[in-house]
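All remarks here apply to the structure that follows.
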Amino acid sequence: MTADSNPALLDTEGPLGPGAGGGPADAGSPSARGPRARTTRAYLRYVTGKLGGAIVSLFAVLVTSFFLFRLIPGDPVKQMTGGKRVSAEQLAAMREEFGLDQPVMTQFLDYTGNVLTGDFGTSYQFHAPVLDKITEALPATLLLTGTAYVLYTLLGIWLGTRTAWRNGGLGDRLNTGLALTLYSVPSFWLGLLLIITFSVGIGPIPGMFPTGGLESGGETGFAYVVDVAHHMVLPVITLVAVGYAQTLLVMRSSLLDEMGGDYLTTARAKGLRDDLVRRRHAVPNALLPTVTLMFVNLGTVVAGAILVETVFSWPGLGGLFYSALSVPDLPLVQGLFFVFSTAVILMNTLADVIYPLLDPRVGR
């Protein structure tokens, strides 16, 4: 019987047929509609959903940043006068200048339109564009929180891995107890303790570090770098103490969940050393929740640490936000809140998008 007389043979491709032996697969072939294509479509739907959620969250932040801070007691126009006696006509002129005489919904629509074009308005207290003030303070925040982020992430992952792998030992109990204590301590209170102990000096401990600020002034070159690093010691220690504790606890919990897996037993049965089992098999899987935490914390690098920066008089976004709240400087507060929230939302979305690439079970 020839192939021409048997339809079944006509539908069968040999190993060298199209799509199998190097020739280009037809767009309508089963390989184009196989598991890989379905997985890609599922991932694209997953990413689209996450991006849509991020857009909705950004709009919610936009609405919240406008209406929430208008509940703060106090008249920003009177605060701008510095307590001086000003006539009602002058106050009315100032309200008209800043658009505060308009209905709230009109102000909101104007604010929304301006934000979409990158205009956050003019600061009441600094009489400068809000975006310029944010750009001016951003480097100091990135220097402080970025340095702390790298340190507490590496330290937390390393210690979390070691404590979980030696679960129940003395080192595990000490590290876990210390991490729980530091994670429960308010960051501003810890910062104040460090200032009292190592800046002011207490008992036999002399004051070794500045009480606050970014620099002493008058230094240039390498001496300036050393001076800035000297000012960073205490605020960085404060941020690292709280951040590493959170990372350690998450990493430890994740690794403990993985340690009972059958694949680790199989790896040991193959004769792999214990440290190889940990590094090559257990830790990569346990890192998944920690990666999410890393991206969340990365968003807070831009947001800064408001309380820590305020305690140490650090000239970053956190200190700027605190001073804006005291007026209240509505355009500056709204702009900073929107920037802080946007950074966290974007990092959360990025973590959600990357997560299925690390764990294919996510997003299916």
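The table below lists the values:
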item	result
Alpha-carbon centroids, segment 198-234 and segment 235-259: separation in whole Å	28 Å
Pairwise label distance in nanometres, E215 with V56, each label 7 Å out on the Cα-Cβ vector	4.7 nm
A229 paired with R273, simple spin-label distance in nm, labels 7 Å along Cα-to-beta-carbon	3.4 nm
G212 long-range amide H proximity, modeled H, under 5 Å	none
Dimensions in Å of segment 213-364 - Rg and Dmax from alpha carbons	21.2, 67
Packing rank of 196-203, 294-301, where each peptide gets the mean count of other beta carbons within 10 Å, highest leading	294-301, 196-203
Cβ crowding within 10 Å averaged over residues, with 122-128, 39-45, 96-102 ranked highest first	122-128, 96-102, 39-45
Those residues of segment 215-252 whose amide nitrogen sits under 17 Å from the label point placed on L193, 7 Å along Cα→Cβ	234-246
Residue-normalised accessible area of segment 177-287, given per residue in Å² at a 1.4 Å probe	54 Å²
Sequence of I55, I306, I134 from largest to smallest accessible area, 1.4 Å probe	I55, I306, I134
Long-range HN-HN contacts of T122 with modeled amide H, under 5 Å	V130
Most to least packed among 273-282, 234-243 [average Cβ atoms within 10 Å]	234-243, 273-282
Phi-based couplings in Hz for segment 138-149 (Karplus 6.51, -1.76, 1.60; Gly and Pro marked x)	4, x, 5, 5, 5, 5, 6, 6, x, 4, 5, 4
Note, ³J(HN,Hα) from phi for segment 200-216, Karplus 6.51, -1.76, 1.60, rounded to Hz, x at Gly and Pro	7, x, 9, x, x, 8, x, x, 10, 10, x, 6, x, x, 9, 7, 7
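The values are calculated or read from the model by the stated rules, or taken from the named source; none is laboratory data. Computed from a predicted structure; not experimentally measured. Using ideal geometry, Cβ is built from the backbone for each residue, glycine included, and neighbour counts are taken over all protein chains shown. Note: accessible area is taken over every heavy atom of the protein model, side chains too, but ligands, DNA and RNA are not part of it. Shrake-Rupley method; radii C 1.70, N 1.55, O 1.52, S 1.80 Å.
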